[in-house]
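Let me begin by presenting the structure, written as structure tokens, before commenting on it.
The values are calculated or read from the model by the stated rules, or taken from the named source; none is laboratory data. All values derive from a computational prediction rather than experimental measurement. Quick reminder, even Gly has a Cβ in these numbers, built from the backbone with ideal geometry, and neighbours come from all protein chains shown. For the accessible areas, the whole protein counts, side chains as well, though only heavy atoms, and no ligand, DNA or RNA atoms are used. Shrake-Rupley method; radii C 1.70, N 1.55, O 1.52, S 1.80 Å.
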Protein chains: 2
Amino acid sequence: MPEFRTGTLDQIAFLEDLVAAGLLAPTGVHGVYARGGDFERVRLALDALITRTAAPESPEPLHHPPLFPREQLERNGYLGSFPHLAGTVFSFDGDESAAAEQLALASRHEDWSAFQSMTEMVLTPAACYPLYPAVAARGPLPERGLTLDTGDAYVFRREPSSDPSRMQIFHMREIVRVADRETVIEWRSVWRARAEELLRGLGLELELDIASDPFFGRTGRLLAAQQRDQELKWELLAPVAGRPSAIASSNYHQDHFGEIYEIATAEGEVAHTGCMAFGEERVTLALFSAHGSDLRSWPAEVLAALEL
Amino acid sequence: MPEFRTGTLDQIAFLEDLVAAGLLAPTGVHGVYARGGDFERVRLALDALITRTAAPESPEPLHHPPLFPREQLERNGYLGSFPHLAGTVFSFDGDESAAAEQLALASRHEDWSAFQSMTEMVLTPAACYPLYPAVAARGPLPERGLTLDTGDAYVFRREPSSDPSRMQIFHMREIVRVADRETVIEWRSVWRARAEELLRGLGLELELDIASDPFFGRTGRLLAAQQRDQELKWELLAPVAGRPSAIASSNYHQDHFGEIYEIATAEGEVAHTGCMAFGEERVTLALFSAHGSDLRSWPAEVLAALEL
């Protein structure tokens, strides 16, 4: 088992409130919750607001399921940086007697893992990852590059915790820019202002942070420092149960994916990529944390911004 | 690897048309596709139509993510009936040197499965499965039982195929009734007419079939025959690339889940359960198969029914 992170008393009490209000329901696995009607209404209203905010750019929708080809994970560097967060899909491939043995073990809640073998799929670790091989398969980028929209895509992170804002599976909505270096850098600064405006319009108290990803191990600490020094990642944080929680973020990958997938601009240069990501459950939690668990008592201007 | 099912020439040609029209995009894994803008518009319009159709019953929304507690799979009978279709989630739990070894193997696309161990999660095999433990946790049912709505939930089936209507991961939308025997039986017959009307209103040619689930092995053949004899499952089929494809179905589980999870009616009897399921990608494929790949040339009454 990976390290279990206990939530603070406030986080655990907040989760209990959400459950009592029918907004989330526990499943018995830490960080895996069912969403009740009002939670989902807010999440989908937020998703629609992001759609309206991005509309002037006409991003191309390309919605991937939560499974990602294992071969891509083996290529894209994730297992070097985040081996502890990855989830892989295994399945059964035996005969009837093996099925009977597996069933006997499983029925007693004993270890049946020996009957499972690795498939060609893993759980999608980031909403934008499947876009890069898809874009590469099309050949050189059009003039001015591409802007894509992942939709509300499920992603997986192996981080069991009793903090409700640290889920193992959640929706990440990403708008992704694939173009030349200058275009991507400029686009990210436009979205920094736009994302801040969108989230402030929902009555959230925001902090901007130059941040780093949770890289694994000692080498990881160097990578994190480098990422921070070069300002490749920023996050917008809002309070959830009294603690700042990263609800939106933007990464600039430089030519990392352009190199791996040989994505070329119309001018024949290696493409750069950047993304704007919203953690939909986290934004929704920040909203319930700020405005209370009863949607009907939320400020009128917040409901209006969400068209609720 | 499980048996790979090759699609017919018509099915493969249909998939190529969908890809050319930007409706689906391949990922490199059979049965795992990205959905383009118009495909997703139709799927979500169908989802909204199901919501409007179910609204008079006011089903309670309870939306689960695509991960399900492994412990529940071990309890609910799935590994006896469908071991070949299940997917389990594994993850890494080693130190830095193990991570380096895993990475070295993975980078060469060699077998790194020895570094992965079984987690407490599996992929959700049916949208309604997580509802039963959730309902059981609430204690006895209210008077008249419960009607629940899974929302557009991802489910996993280990069935690699080049037939586009046989996906490994897709959205199943289920309305689920948990009540006494007579109520569940009556409710299913109401939905049989209602589902048929909904789908005929979209211009689909339907066939009704008393069906069975794809149970595993020799015992499975007996279970399938029994299910058929007792008419526990019906399906609505519509043509996709010239072959009838099950696009909606209803199962009557009798007291199977009521017994396992000890769900009791208000009167203290073991609860019965039944469900009405729509395979959203399959309905969407049937629509593109019937009306063509260009949404703008669909019959006006179909677009009107979908509010598109």
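Under a model in which nothing but the beta-carbon of Lys, Arg (+1) and Asp, Glu (-1) is charged, the range B:133-190 shows a dipole of about 160 debye around its Cα centre. Computed from protein heavy atoms with a 1.4 Å probe, the total accessible area buried between A and B is close to 5500 Å².
Mean-square fluctuations from a GNM of chain A, with a 10 angstrom spring cutoff on Cα atoms, peak among A:THR273, A:THR265, A:THR119 at A:THR119.
Could you please put B:GLU186, B:GLU96 in sequence from largest to smallest accessible area, using a 1.4 Å probe?
Working: B:GLU186 110, B:GLU96 65 Å².
Per-residue accessible area, sorted high to low, gives B:GLU186, B:GLU96.
Here the dipole of chain A is about 440 debye; that uses its Cα centre as origin and unit charges on the Cβ of Lys and Arg (positive) and Asp and Glu (negative). In this assembly of identical copies, the label point of B:GLY77 (Cα plus 7 Å along Cα-to-Cβ) is separated from its counterparts by 5.0 nm, sorted shortest first.
Could you work out the local net charge near B:ALA241, counting Lys and Arg as +1, Asp and Glu as -1, over the other residues with Cβ closer than 11 Å to its Cβ? So the environment of B:ALA241 carries a net charge of -3.
Looking only at other chains, what is the average number of their beta-carbon atoms within 10 angstrom of each beta-carbon in A:198-209?
The shielding value for this peptide is 0.
Under a model in which nothing but the beta-carbon of Lys, Arg (+1) and Asp, Glu (-1) is charged, the protein assembly as shown shows a dipole of about 200 debye around its Cα centre.
Here is how the number arises for the protein assembly as shown: DSSP H runs of 4 or more residues each give -39500 (n - 2.57), the sum is divided by the residue count, and the result at 222 nm is -11000 deg cm²/dmol. When the Cα positions of B:TRP191, A:LEU146, A:GLY201 are compared along the charge dipole of the protein assembly as shown, A:GLY201 comes out farthest toward the positive end, with charges on each C-beta of Lys, Arg, Asp and Glu. Placing pseudo-labels 7 Å out from each Cα toward the beta carbon at B:THR51 and A:THR219 gives an inter-label distance of 4.6 nm. Note on the range B:229-305: with neighbouring protein chains present and a 1.4 Å probe, carbon and sulfur make up 45 percent of its accessible heavy-atom surface.
How much net charge surrounds A:PRO214 when only other residues with a Cβ under 13 Å from its Cβ are counted (Lys, Arg +1; Asp, Glu -1)?
+3
For peptide B:74-86, the mean count of partner chain Cβ atoms within 10 Å of a residue's Cβ comes to 5. Could you point to the residue in B:ALA305, B:GLN227, B:VAL240 farthest towards the positive end of the range B:185-308's charge dipole, with +1 and -1 charges on the Cβ of Lys/Arg and Asp/Glu respectively? Of B:ALA305, B:GLN227, B:VAL240, it is B:VAL240.
Our summary of shape: the Cα atoms of the protein assembly as shown have principal axis extents of 68, 57, 52 Å, ordered from largest down, in whole angstrom. Among all stretches of chain A without exposed trypsin sites (Lys or Arg not before Pro) (DSSP loop, at most 12 other Cβ atoms within 10 Å), which one is longest? Longest site-free region, per DSSP loop and neighbour criteria: A:145-308. Going 7 Å from the Cα of A:ALA20 along its beta-carbon direction, which residues of the range B:122-148 have the amide nitrogen within less than 20 Å of the resulting point? Under 20 Å, as judged by backbone N against the label point of A:ALA20, lie B:137-139 of the range B:122-148.
Of all DSSP-defined beta bridges confined to the protein assembly as shown, some 95% are antiparallel rather than parallel. For the peptide A:127-136, the mean number of other protein chain Cβ atoms found within 10 angstrom of a residue's Cβ is 1. When the chymotrypsin sites (Phe, Trp or Tyr not before Pro) in the range A:1-103 are filtered for DSSP coil states and for at most 14 other beta-carbon atoms within 10 Å of their beta-carbon, the remaining sites are A:PHE4.
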